[in-house]
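J.: I'd like to ask you about the structure that follows.
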Amino acid sequence: MNEMFCFQCEQTVGGKGCTVRGVCGKPADVANKQDELTCALIGLARAAGGKSPGKTADELMLQGLFATVTNVNFDGQRIDELKKLVQAEKEKLGGAEDFPIDKLWTGDPDLVSLRSTLLLGIRGMAAYAWHAYVLGQKDEEIINWFYKGMQALGEEHTVDEWLNLIMEFGQINLKTMALLDKANTSAYGHPVPVKVPKKVEKGPFIVVTGHDLLDLKQLLEQTEGKGINIYTHGEMLPAHAYPELKKYAHLKGNYGTAWQNQQKEFDNLPAPILFTTNCLMPPKPSYADRVFTTSVVGYPGIQHIKEENGKKDFTPVINKALELGGWSEDKEFVGINGGSELTTGFARNTVLGVADKVIEAVKSGAIKHFFLVGGCDGARPGRNYYTEFVEKTPKDTVILTLACGKYRFNDLDLGEIGGLPRIMDMGQCNDAYSAIQVALALADAFNCGVNELPLTLVLSWYEQKAVCILLTLLALGIKNIYLGPSLPAFISSNVLNVLVEKFGLKPTTTVDEDLKAILG
Ligand code: SF4
Ligand code: SF3
């Protein structure tokens, strides 16, 4: 089949949909296999009666959904294998019809829009649930909701019913992010502020990217004392702030920027790169031999590290690092704006730990406004908006940030207010949970609602984790969120009208106009 349809990410062709090959590099046959897998998962949810039937099905549900997130798995064979396992599990439960593949993205535009919004949110939530799951954290209500949601996707609903399902989903995703926060902080401690160098020291090293902290932890254990240094890339940066990860002396620093620059940054790199999750771009021949995938990530011809008996053996990655040997002398790198180090670790515990100081600064007028400038990065030129936005924020404002979009400005030195840095990195995209907790605590302290706080959310989206976070923010009733750099193709004009009317959702315009509208 040479035709496909996918409109799940921000870089989709013409803001409408990829129909021949994905801009992400996903070929038509893989896109279709991912659709078949999705339809089989709806079948599994039907056979299970809309609730969890047990561990094997749960793992397939989470992994199957996660594998279809943008830039995760391009390996048609692995997608097929997953689908067969899903169908076998479905048969064990007494069988049910898979959802018809030709109906997945077709029908009345508003209903397609609402169904897609729910499905894409569920895909994002599966990624977070999986990260919590591998750390032993599972919640019955959350796992059951995957089946409820997937079963509902296979049914007809009115616009209002879809909207209710989507709001219910937003609440469940909040619980999922809370579960992942609990999983990470109980395994690795609460993040503490830390400065992360951009320098790569001479000798063998490994670059780790993606979101999975357990993979990083296992790699740190297995490389200890071997003369190999570990560098984080992309969404792995916040790992430096966790006490149980930062204690490893060979976790040295951060290499590169956000995902869309990887083909340039990994070109002829004298080190292996381990992808624990998205965002994987098709590896170029100059470095394909040193790319390793693990977990649900996959690419044809790229070496994959499997889990056996709950453990991963990273020996092939370690041997590759030793074989390539790294650089012969220390290399100084800088961030996009020339900064030589990055700061991270301002998760909820740290920020709430200085809540008195923050509240005082707001009361005294030293802090006039908070911005959460967070979300995904991407390749479009329009994303310079976020750098410009941060640069233009007045000196009496504070910028909270999270996810990979921050690489556009996280090396800027914007100074401090009352001992607090003006830019505070709260962590990965899932650490939007931390931002929500801080906002709720501030609202509590000022005895008002979150919408009455001097706080504006300026979000950048690319893939489906951003979709689930946005739906959570809407479900919490958070209004007047700025969203860019372009609106999702899967939001129809009528659905957009609802989001604008009900939630005051605002597409980003120009920095000057938006700042003026926010600050007056
Ligand atoms: Fe296109 Fe994005 Fe889908 Fe890739 S994930 S095929 S770029 S819409
Ligand atoms: Fe980035 Fe892919 Fe979304 Fe976790 S790594 S935020 S885009």
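The values are calculated or read from the model by the stated rules, or taken from the named source; none is laboratory data. Not measured: the values here are computed from a predicted model. All Cβ positions, even for glycine, are placed from backbone atoms using ideal geometry, and neighbour counts span all protein chains on display. Side chains included, ligands, DNA and RNA excluded: accessible areas come from the protein's heavy atoms. Shrake-Rupley method; radii C 1.70, N 1.55, O 1.52, S 1.80 Å.
J.: If we keep just the residues of segment 96-133 that are over 16 Å from Ile491 (Cα atoms) and surrounded by fewer than 18 Cβ atoms within 10 Å (Cβ to Cβ), which is farthest from the chain's Cα centre (by Cα)?
T.: Glu97
J.: Right, here's the next one. Looking at segment 50-95, which of its residues are aromatic (Phe, Trp, Tyr) and either free of Cβ contacts under 8 Å to residues at least 12 places away in the same chain or not in a loop (DSSP other than H, G, I, E, B) (or both)?
T.: Selection gives Phe66 alone.
J.: Within segment 425-459, track down each residue that is free of Cβ contacts under 8 Å to residues at least 60 places away in the same chain and either on the phi > 0 side of the Ramachandran plot or outside any helix (DSSP H, G or I) (or both).
T.: The answer is Asn447, Cys448, Gly449.
J.: Here are some residues: Leu62, Leu85, Leu37. Which one is surrounded by 23 or more Cβ atoms within 10 Å (Cβ to Cβ) and over 21 Å from the mean Cα position of the chain (by Cα)?
T.: Criteria check complete, one pass: Leu37.
J.: Quick check on my filter: what residues within segment 6-20 are of a type in the set (A, V, I, L, M) and either under 13 Å from Ser116 (Cα atoms) or within 9 Å of ligand 1 (Cβ to nearest atom) (or both)?
T.: Val13
J.: Would you check if there is a residue in segment 373-387 being aliphatic (A, V, I, L, M), at pLDDT below 95, within 16 Å of ligand 2 (Cβ to nearest atom) and in contact with a helix residue (DSSP H, G or I) (Cβ under 8 Å, 6 or more places away or on another chain)?
T.: Yes, there is a match, as at least one residue in segment 373-387 is aliphatic (A, V, I, L, M), at pLDDT below 95, within 16 Å of ligand 2 (Cβ to nearest atom) and in contact with a helix residue (DSSP H, G or I) (Cβ under 8 Å, 6 or more places away or on another chain).
J.: On the given criteria, is Asn173 under 30 Å from Asp110 (Cα atoms) and open to solvent by less than 10 Å² (accessible area, probe 1.4 Å)?
T.: yes
J.: Using beta carbons and a limit of 7 Å, which pairs, at least six apart or on different chains, have the first residue in segment 164-176 and charged (D, E, K, R) and the second one in a helix (DSSP H, G or I)?
T.: Going by the 7 Å Cβ cut-off, the qualifying pairs are Lys175/Glu141; Lys175/Ile142.
J.: Pick from segment 460-487 the residues that are outside any helix (DSSP H, G or I) and charged (D, E, K, R): which of them is nearest to ligand 1 (Cβ to nearest atom)?
T.: Glu463
J.: Might you let me know whether segment 21-37 holds any residue that is basic (Lys, Arg), within 9 Å of ligand 1 (Cβ to nearest atom) and free of Cβ contacts under 8 Å to residues at least 24 places away in the same chain?
T.: Yes, because at least one residue in segment 21-37 is basic (Lys, Arg), within 9 Å of ligand 1 (Cβ to nearest atom) and free of Cβ contacts under 8 Å to residues at least 24 places away in the same chain.
J.: Still on this structure, I have one more. Any idea how many residues of segment 429-465 are of a type in the set (Ser, Thr, Tyr), under 30 Å from Gly22 (Cα atoms) and touching a Lys or Arg at 6+ places or on another chain (Cβ under 7 Å)?
T.: So the answer is 1.
J.: Val317: outside the structural domain of Leu269 (by TED's automatic domain parsing), closer than 19 Å to Phe205 by Cβ and out of contact with any helix residue (DSSP H, G or I) (no Cβ under 6 Å at 6 or more places or on another chain), yes or no?
T.: Against the criterion (outside the structural domain of Leu269 (by TED's automatic domain parsing), closer than 19 Å to Phe205 by Cβ and out of contact with any helix residue (DSSP H, G or I) (no Cβ under 6 Å at 6 or more places or on another chain)), Val317 does not qualify.
J.: I would also like to ask the following. Could you list all residues from segment 207-226 that are open to solvent by 10 Å² or more (accessible area, probe 1.4 Å) and without any contact (Cβ under 8 Å) to a residue 60 or more places away in the chain?
T.: Residues satisfying the conditions are Lys217, Glu221, Glu224, Gly225.
J.: Does segment 440-450 contain any residue that is among the hydrophobic types (A, V, I, L, M, F, W, C), touching a strand residue (DSSP E or B) at 6+ places or on another chain (Cβ under 8 Å), crowded, with 17+ Cβ neighbours inside 10 Å and under 30 Å from Gln260 (Cβ atoms)?
T.: Looking for residues that are among the hydrophobic types (A, V, I, L, M, F, W, C), touching a strand residue (DSSP E or B) at 6+ places or on another chain (Cβ under 8 Å), crowded, with 17+ Cβ neighbours inside 10 Å and under 30 Å from Gln260 (Cβ atoms), one finds none in segment 440-450, hence no.
J.: Inside segment 277-379, counting only strands (runs of 3 or more DSSP E) that do not spill past its ends, which hold 2 or more residues that are in contact with a strand residue (DSSP E or B) (Cβ under 9 Å, 6 or more places away or on another chain) and surrounded by 19 or more Cβ atoms within 10 Å (Cβ to Cβ)?
T.: 291-294, 341-344, 369-375
J.: Quick one: count up the residues across segment 481-509 that are more than 25 Å from the chain's Cα centre (by Cα) and of a type in the set (S, T, N, Q).
T.: Residues meeting the conditions: 3.
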